[in-house]
Ligand code: AMP
């Protein structure tokens, strides 16, 4: 069983690469962004709490995010392995994830960080605007998301680096080539 965190700024290609990795390895995919979007779309109590925060481009508080993540893990006791996409985004989230994994006799084995420049991220999200219609892809909200990434989320990398689990993969170029580079890490 391998548990993987796919890491990177908004628009780094985490969703695209997740799909391919799930097909190949049978991971249970946990995307906190997708889960929050499901809750807001279905107007659940959690959805009502996070809707405005999400739409502003800010991060949802750790307490809420970690509780939702834990619930999702508990729903999948038979998982062959988890792929975390968009989580953790803060050091307390990374610590909580390690604790949850340890409690289940498991661990996060690999963190794959997709390296993409801010310029590339902006170009990709500008393209996505015409198809996906995400409120938080609008210019001003995107600026906030990028700020959140560089002020909070980036600090997760040294946390994993210290634990010797971090791999960086160049995230610009051919999708299949990037995928091959990720698979090479997982297959080692
Ligand atoms: P994403 O689709 O991963 O870019 O997530 C969309 C939005 O959901 C983010 O801008 C945050 O508002 C919220 N979100 C998703 N994952 C997290 C997380 N791990 N911590 C805090 N907020 C999150």
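The values are calculated or read from the model by the stated rules, or taken from the named source; none is laboratory data. Treat the numbers as computed from the prediction; the structure is a model and nothing was measured. Don't worry about glycine lacking a Cβ; one is built from the backbone with ideal geometry, like all the others, and counts go over all protein chains shown.
Observations on the model:
- Hits in the range 11-30 (condition: touching a residue at least 60 places away in the same chain (Cβ under 8 Å), more than 9 Å from the ligand (Cβ to nearest atom) and in contact with a strand residue (DSSP E or B) (Cβ under 7 Å, 6 or more places away or on another chain)): 12, 13, 17, 18, 21, 22
- Exclusive hit being touching a strand residue (DSSP E or B) at 6+ places or on another chain (Cβ under 8 Å) and at positive phi, set 8, 33, 57: 8
- Filter pass, residue 100 being part of a loop (DSSP other than H, G, I, E, B), modelled with pLDDT of 95 or more and touching a helix residue (DSSP H, G or I) at 6+ places or on another chain (Cβ under 7 Å): no
- Those residues of the range 115-171 which are in contact with a strand residue (DSSP E or B) (Cβ under 7 Å, 6 or more places away or on another chain) and without any contact (Cβ under 8 Å) to a residue 60 or more places away in the chain, in sequence order: 165, 166, 167, 168, 169, 170
- Criterion (closer than 29 Å to residue 179 by Cβ, without any contact (Cβ under 8 Å) to a residue 60 or more places away in the chain and under 12 Å from the mean Cα position of the chain (by Cα)) met by exactly one of 73, 35: 35
- Candidate set from the range 1-10 (those that are modelled with pLDDT under 95 and more than 12 Å from the ligand (Cβ to nearest atom)); member that is farthest from residue 94 (Cα to Cα): 1
- Of everything in the range 111-134 that is under 28 Å from residue 73 (Cα atoms) and surrounded by fewer than 18 Cβ atoms within 10 Å (Cβ to Cβ), the residue that is modelled with the highest pLDDT is 115.
- Among residues of the range 85-95, those that are in a helix (DSSP H, G or I) and crowded, with 20+ Cβ neighbours inside 10 Å, counted: 2
- Considering residues of the range 38-84 that are near the ligand (Cβ under 7 Å from one of its atoms) and within 18 Å of residue 6 (Cβ to Cβ) only, the residue surrounded by the fewest Cβ atoms within 10 Å (Cβ to Cβ): 59
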